[in-house]
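Engineer: The structure's right below; bear with me while I get my questions together.
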Amino acid sequence: MANPAAAAHILPFSSNEPMTAAAISPARPAHVITRRAVASWIIYDLANTIFSMGVVSMYFSTYIRTAVGPERADAEYGIITAVSMGIIFVISPMLGAMTDRAARRMPFLLWSTIICVALTALLGRDGYTVTLWLFVIANAAYQAGLQFYDAMLPEVSTEENRGRISGIGVAIGYLGSYIAVGLGLYFGSGDLPKLFLWIAATFLVLSIPCFLFVRERGNPNPRPVFAWDAVRGSLRETVKTFQNGHQYPGLIRFLVGRIFYTDAINTVISIMTLYTINVAVAAGQGEETAAQTSKLVMLVAITFAVLGGFFWGWLVDRIGPKRTLNIVLHLWVATFVAAAMMGIMHLPLSLFYVVASSAGVALGGVWSADRPLMLRLTPPDRIGEFYGLYGMVGRFSAITGPIIWAIVAKLTIENGLLKPAQGQGVGVLVLLILVGISYYIMRPVTDAPRDWEALRHAAAPLTDR
């Protein structure tokens, strides 16, 4: 969606009057949430999806496949992605705690976006090794920005409409995938540096409304952010959170479970283009035709992700984020089984569009449900720090997922045991196991509202000892 007025039209408010949200914390003043602020926050979701789909999921893997060949592409891409995610994994809790100390979070989002955009514009222009390092840093900056962006959800929503706002963000965000695929179809894969430049420019332009119109309440008690003592303090706070997990019911289980399901889902997203190409080649298509088929399959997945975002957001507000997430994980199990069979059993290529539809619906559900669930498990005065942990486990999964995928690819494909599509199908089955583990770990977690003041008082004697 290109203009905020159109975004405002679909928001779940009945008039153009500002909406007043009750203060999330007694220390904060009443906060006015305008339709323009909500629309601008949502449009940023669209903007950053252009990068994640266009660079991470589609065209950078194509760049690597062209440079090193189809046999080495999976392992190479897995290692590069793991390095990038490893960087942000190490620093994301610290970044989150730093934003809790800062007067505002928006400057962090602004600079992470600028770094990502600038380095994306340079991809493919100065040799293979340089391009790999540019991608590593650009992706780390994107991931940091996503963490800051998610932590701003309370600034544009209330407890009553948080599921809808999050779901609409997911749905509109996936329209950015149309833009990414459309840019690829228009420019083709012959001039990837030019394509990366256009992706960067589009990301930047569509980010601007968020920077201009989302108003934060601000931190009533800002503290030093970049001093060494502040950095050490942020690290200490993160360690204490894990040591005192009983003060935050369900948090540790959710974060550990999230490692496993995001591990599987993010890995499948990142390799979907390569997998589709290999399945299409195995079905008899040439390389160029297979590349076009992969784009069409992605468009189908994106379409259903958009529709799914609206549906899941509504369901979150109706039955709660935890029950919604359970349903989504069941859908992912069925999707992974079907996707694996496409490569292993050489099923008709037309069935891939059914698999893509199911994956799109499930994908919209994950992010629509787990952002609101994280907020239910988060004390309002530590949103930045806890979203740093939320981001950290996602980054950890993004390290281990590509490594698992690279190992499976090396054992099955590079050693000549299976053809690329079959080896990747086995890899999808391995990832399916991770989804089952996540569901088991998170079963006891509930999304019942927490009385944070009571929990804080109950834990005070333990903390004093």
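The values are calculated or read from the model by the stated rules, or taken from the named source; none is laboratory data. Computed from a predicted model, the values in this text were never measured in an experiment. Virtual Cβ from ideal backbone geometry, glycine too; neighbours counted across all protein chains shown.
Engineer: Could you run through the stretch 269-293 and say how many residues are under 20 Å from THR81 (Cβ atoms), crowded, with 23+ Cβ neighbours inside 10 Å and among the β-branched types (Val, Ile, Thr)?
Structural biologist: Here the count works out to 4.
Engineer: What are the pairs, 6+ residues apart or on separate chains, where a residue within the stretch 403-429 that is farther than 27 Å from GLY86 by Cα has its Cβ under 7 Å from a residue that is part of a helix (DSSP H, G or I) and among the basic types (Lys, Arg)?
Structural biologist: Close Cβ pairs (under 7 Å, with a partner that is part of a helix (DSSP H, G or I) and among the basic types (Lys, Arg)) do not exist here.
Engineer: Same structure again: For residues in the stretch 185-200 being in contact with a Leu (Cβ under 7 Å, 6 or more places away or on another chain) and closer than 20 Å to LEU134 by Cα, which is surrounded by the most Cβ atoms within 10 Å (Cβ to Cβ)? Walk me through it before giving the result.
Structural biologist: Initially, the stretch 185-200 is screened for residues in contact with a Leu (Cβ under 7 Å, 6 or more places away or on another chain), giving 187, 193, 195-196, 198-199.
With the extra rule that they be closer than 20 Å to LEU134 by Cα, the set shrinks to 193, 195-196, 198-199.
On the way: PRO193: 14, LEU195: 25, PHE196: 29, TRP198: 19, ILE199: 26.
Going through the qualifying residues, I end up with PHE196.
Engineer: Shifting gears a bit: Being over 19 Å from the mean Cα position of the chain (by Cα) and at pLDDT 90 or above is the filter here, so list the residues in the stretch 108-133 that pass it. Steps first, please.
Structural biologist: So in the stretch 108-133, the residues over 19 Å from the mean Cα position of the chain (by Cα) come out as 118-119, 121-133.
ALA118, LEU119, ALA121, LEU122, LEU123, VAL130, THR131, LEU132, TRP133, listed by residue number.
Engineer: Continuing with this model, one more query. Only one of these conditions is not met by PRO444: (1) assigned to a helix (DSSP H, G or I); (2) in contact (Cβ under 8 Å) with a residue 24 or more places away in the chain. Which number is it?
Structural biologist: The one condition PRO444 does not meet is (1).
Engineer: Every residue in the stretch 174-213 that is among the small types (Gly, Ala, Ser), farther than 22 Å from ALA118 by Cβ and assigned to a helix (DSSP H, G or I), please. So that I can check it myself, show each step before the final result.
Structural biologist: Here is the first cut: in the stretch 174-213, the ones among the small types (Gly, Ala, Ser) are 176-177, 180, 182, 184, 188-190, 200-201, 207.
Those still in the list that are farther than 22 Å from ALA118 by Cβ too: 177, 182, 188-190.
The answer is SER177, GLY182.
Engineer: Could I ask something else about it? Looking at (1) more than 24 Å from ASP370 (Cβ to Cβ); (2) part of a loop (DSSP other than H, G, I, E, B), which is the only condition THR158 fails?
Structural biologist: Checking THR158 against (1) more than 24 Å from ASP370 (Cβ to Cβ); (2) part of a loop (DSSP other than H, G, I, E, B), the one that fails is (1).
Engineer: Only one of (1) under 17 Å from LEU132 (Cβ atoms); (2) at pLDDT below 50 fails for ILE64. Which number is that?
Structural biologist: Unmet condition: (2).
Engineer: Output yes when any residue across the stretch 370-388 is closer than 17 Å to SER270 by Cα, touching a residue at least 60 places away in the same chain (Cβ under 8 Å) and in a helix (DSSP H, G or I), and no when none is.
Structural biologist: The first filter runs over the stretch 370-388 and keeps only residues closer than 17 Å to SER270 by Cα, leaving none.
No, the stretch 370-388 contains no residue that is closer than 17 Å to SER270 by Cα, touching a residue at least 60 places away in the same chain (Cβ under 8 Å) and in a helix (DSSP H, G or I).
Engineer: Same structure, new question: Only residues that are under 30 Å from ILE437 (Cα atoms), at pLDDT 85 or above and of a type outside the set (S, T, N, Q): list them for the stretch 280-308, please.
Structural biologist: Matches in the stretch 280-308: VAL297, VAL300, ALA301, PHE304, ALA305, VAL306, LEU307, GLY308.
Engineer: Which residue pairs have Cβ atoms under 7 Å apart, sit 6 or more places apart or on different chains, and have a first residue in the stretch 78-90 that is modelled with pLDDT of 80 or more and a second that is aromatic (Phe, Trp, Tyr) and crowded, with 24+ Cβ neighbours inside 10 Å?
Structural biologist: Pairs that qualify, where the first residue is modelled with pLDDT of 80 or more and the partner is aromatic (Phe, Trp, Tyr) and crowded, with 24+ Cβ neighbours inside 10 Å, are ILE80/PHE135; SER84/PHE135.
Engineer: Still on this structure, I have one more. Any residue in the stretch 201-217 that is over 23 Å from ALA121 (Cα atoms) and surrounded by 15 or more Cβ atoms within 10 Å (Cβ to Cβ) sitting within a Cβ distance under 8 Å of a residue that is at pLDDT 90 or above and of a type outside the set (A, V, I, L, M, F, W, C)? List the pairs, counting only those 6 or more apart or interchain.
Structural biologist: These pairs meet every condition: PHE213/ARG36; PHE213/SER40; VAL214/SER40.
Engineer: Going through the stretch 410-431 one residue at a time, which ones are modelled with pLDDT of 75 or more and either closer than 28 Å to ASP370 by Cβ or not in a helix (DSSP H, G or I) (or both)?
Structural biologist: LEU417, LEU418, LYS419, GLN424, GLY425, VAL426, GLY427, VAL428, LEU429, VAL430, LEU431
Engineer: Being surrounded by fewer than 23 Cβ atoms within 10 Å (Cβ to Cβ), charged (D, E, K, R) and touching a residue at least 24 places away in the same chain (Cβ under 8 Å) is the filter; apply it to the stretch 101-129 and report the residue that is nearest to VAL55 (Cα to Cα).
Structural biologist: Only one residue fits best here, namely ARG125.
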